1. Provide the per-residue ³J(HN,Hα) series for region 57-68, in order, calculated from phi with Karplus coefficients 6.51, -1.76, 1.60 and θ = phi - 60°, each as a whole number of Hz, with x at glycine and proline positions.
2. Could you work out the local net charge near Asp26, counting Lys and Arg as +1, Asp and Glu as -1, over the other residues with Cβ closer than 15 Å to its Cβ?
3. Most fluctuating residue of Glu46, Glu82, Glu93 in a GNM of the chain with Cα springs under 10 Å: which is it?
4. May I ask for the distance between the Cα centers of region 48-75 and region 79-99, given as a whole number of Å?
5. May I ask you to list the lysines whose Cα is less than 28 Å away from that of Lys132, ignoring any residue fewer than eight positions away on the same chain?
6. Explain nothing, just the number: dipole magnitude of region 22-149 about its Cα centre with +1 on each Lys and Arg Cβ and -1 on each Asp and Glu Cβ, in debye rounded to the nearest 20.
7. Return the Rg/Rh ratio of the chain with Cα-based radii and a Kirkwood Rh.
8. Please give the length that would be gained between Val31 and Glu78 if that part of the chain were fully extended, namely 0.36 nm times their separation in residues minus their C-alpha to C-alpha distance (nm, one decimal).
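A short reminder: the numbers here are calculations on the coordinates, not readings from a lab. Since we're looking at a predicted model, the values are computed, not measured. Note that we place each Cβ from the backbone using ideal geometry, even for glycine, and neighbour counts take in every protein chain shown.
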Amino acid sequence: MKKFLIIIVSLLCCNICLANNLKIVDGDTIVLNGEKIRFSGIDTPELKQTCLHNNEIVDCGMSAKILLIKKIGNKTPECISEGKDVYNRTLAECFINGKSLSKFLVRSGYAFAYRKYSKKFIDDEDFAKANKNGMWAMKFKYPWDFRSR
């Protein structure tokens with residue numbers, strides 16, 4: 001019985017350690033337990049990317065990152081790997097409490113369906129656009145256009 005309790009306590013401590021081993025890189029990339037994970041099927045603005053809202057500059061790239069940080073809170077994402085990209089990052093869809101972070105970001109208007117690679121989040125983007133959520137209420141460049149400048 002004593003060994004059983006030690007194992008349980010060790011596992012709980014391990015889970016706490018794993019939960020603390022998360023870094024949010026930007027709106028669509030995290031590092032979880034040393035593994036760099038790029039959210040598949042979406043694209044968020046680059047960290048230094050700005051938008052224009054009512055003639056005011058908005059740090060929309062940083063806003064996407066902050067939105068992701070708030071959504072994750074102190075929880076640990078569960079990710080389903082879909083392979084690797086050309087930069088050797090794990091491509092995955094990640095979830096908090098069973099809800100897709102990618103879907104949340106797209107519906108909030110701070111991520112776009114990355115049609116070049118997936119059709120999965122197009123309906124969510126249409127929802128955000130119709131409701132003028134997030135960047136859809138601003139003047140912006142799509143992240144892929146911003147990167148190609």
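1. 6, 10, 7, 5, x, 5, 4, 5, 5, 5, 4, 5
2. The answer is +4.
3. Comparing Glu46, Glu82, Glu93 in the GNM, the peak value goes to Glu82.
4. What the calculation gives is 21 Å, centre to centre.
5. By straight Cα distance, Lys132 reaches Lys48, Lys65, Lys70, Lys71, Lys99, Lys103, Lys116, Lys119, Lys120, Lys141.
6. Roughly 60 debye for region 22-149.
7. On the way: Rg = 17.5 Å, Rh = 16.4 Å.
Rg/Rh for the chain comes to 1.07.
8. Between Val31 and Glu78, full extension yields an extra 15.7 nm.
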